[in-house]
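The values are calculated or read from the model by the stated rules, or taken from the named source; none is laboratory data. The structure presented is a predicted model; accordingly, all values stated were derived computationally and were not measured. Ideal geometry is used to build each Cβ from the backbone, glycine not excepted, and the neighbour counts take in all protein chains shown.
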Amino acid sequence: MNTTPAPRIAIIGAGPGGLTCARILQRHGVTAAVYDRDAGPAARDQGGTLDLHADNGQIALREAGLLEEFFRLARPEGQEMRQMDPDGTILFHHVPGQDERFKPEIDRGRLRDLLLDSLQPGTVRWGHTLRTVGGPAEGPRRLHFAGGATIEADLVIGADGAWSEVRRAVSPATPRYSGVSFLEAWFHDVTTRHPDIAELVGQGSAAAADGDRGLFAQRNGGDHIRAYIIQRVPADWITAGGLTPQATDGIRALLLERYRDWSPRLRRLITDNDGPYVDRPIFALPVPHVWEHDPTVTLLGDAAHLMPPLGVGVNLAMLDACELALAIARHDTVGEAVRAYEKTMLPRSTETARLLDGAADGLLSTEPPDFATADDH
Ligand SMILES: Cc1cc2nc3c(=O)[nH]c(=O)nc-3n(C[C@H](O)[C@H](O)[C@H](O)COP(=O)(O)OP(=O)(O)OC[C@H]3O[C@@H](n4cnc5c(N)ncnc54)[C@H](O)[C@@H]3O)c2cc1C
């Protein structure tokens, strides 16, 4: 960057996308501040495990100078995968080879810590919930946060996820319900407390589906397993059933009825969980999602292209972040950098979004997943 004075860059969202962007900018001597609504790095459970792919997420980590550290923390054995039918018969079982590193798993919290620890102190301003982006398109932009704080920025990067506030500055699009809903269930200390489930899931994941219902369980670090009970239901299926998300016993009884024909072993993923279920209806942005170039506002990750969770979201978010940061470092103005970034990012994400449009339904398919027949990496 040759511009003087240096542009004021505000990244909204300290998820994997926003943090990767800040890290790569800093490696190139570009200052950026990250604003997140969380009160602090440990304010909430970060969710389950993520697989970072060699052809996108890992490229970003290499540019961030964190790839070797990632491999030290990651779980390559997590690439193990079993596909079963509802009576528990194994249809497909992939056991990763010794050196298989195409998509190792890492807990989301560990990935966030890896990225956070790599940033200059004070980069992330916690407790900042963005309300609106004001100011003219030619800049400077004025960011309004809950509680009344405002700041000025020459470039606003929306890395604020599915329900992005930044997105509203460039696009009227909002996510739509996919028709498929996840219910998350947690299992702790599985070796001693849930040995049968630990064996069912192995070191990676186990999935089963009957066309209308599915179960998907994944090993996380720290002897945890997370399971997703996947159903084709209205987004409000819990309240429509006269229940609340906290009504664990009532939800469990409803699920046991719905999964009554499934094997008792698989049904333990519904009955034996620790603590309440977490309701996660699956939303996606309309396809294609594009917007008129704006030299002072851009989007990355889920804010730009929320898709069904089929293993690409975090990878695309990190690749977007990498390419945007490199573009900023290499161009004279942030406007030129944004234009160059969007020229690649928008067609790429549109192509993937088209492939995954409606694919949440595929999670319920009785057909073996594509990766069961694809060449092993
Ligand atoms: C159940 C489930 C399982 C998934 N599994 C996988 C998987 O295995 N592999 C994969 O690649 N992807 C997976 N995904 C998708 C993946 O989680 C997302 O694509 C990824 O997290 C997107 O990263 P991001 O940085 O764009 O946004 P996020 O991770 O959503 O981060 C957004 C950040 O912005 C902050 N924020 C939001 N609004 C504001 C605001 N107004 N002001 C300030 N801060 C704000 C949030 O606190 C958050 O820290 C899964 C998704 C779900 C729902």
**OP:** Within the stretch 102-141, track down each residue that is more than 15 Å from the ligand (Cβ to nearest atom) and surrounded by 15 or more Cβ atoms within 10 Å (Cβ to Cβ).
**Re:** SER118, GLY135, GLY139, PRO140
Original post:
Pairs, please: C-beta under 8 Å, at least 6 apart or cross-chain, first residue in the same structural domain as VAL334 (by TED's automatic domain parsing) and among the hydroxyl-bearing types (Ser, Thr, Tyr) and in the stretch 128-140, second buried (at least 20 other Cβ atoms within 10 Å of the Cβ) and part of a strand (DSSP E or B)?
Top reply: THR132/LEU143
Original post:
What's the number of the condition VAL314 fails, among (1) out of contact with any strand residue (DSSP E or B) (no Cβ under 7 Å at 6 or more places or on another chain); (2) at pLDDT 95 or above; (3) within 25 Å of ALA337 (Cα to Cα); (4) among the aliphatic types (A, V, I, L, M)?
Top reply: (1)
Original post:
Any idea which of (1) closer than 27 Å to HIS194 by Cα; (2) touching a Leu at 6+ places or on another chain (Cβ under 6 Å); (3) crowded, with 21+ Cβ neighbours inside 10 Å is the one GLY250 doesn't satisfy?
Top reply: (3)
Original post:
Quick one: how many residues across the stretch 13-44 are of a type in the set (Lys, Arg) and within 11 Å of the ligand (Cβ to nearest atom)?
Top reply: 2
**OP:** Could you check how many residues of the stretch 277-326 are more than 9 Å from the ligand (Cβ to nearest atom), over 29 Å from ILE251 (Cβ atoms) and among the small types (Gly, Ala, Ser)?
**Re:** 1
**OP:** Would you mention how many residues in the stretch 190-211 are buried (at least 16 other Cβ atoms within 10 Å of the Cβ) and part of a helix (DSSP H, G or I)?
**Re:** 5
Original post:
Does the stretch 212-228 hold any residues that are in a strand (DSSP E or B) and under 24 Å from LYS103 (Cβ atoms), and which are they?
Top reply: GLY214, LEU215, PHE216, ALA217, GLN218, ARG219, ASN220, HIS224, ILE225, ARG226, ALA227, TYR228
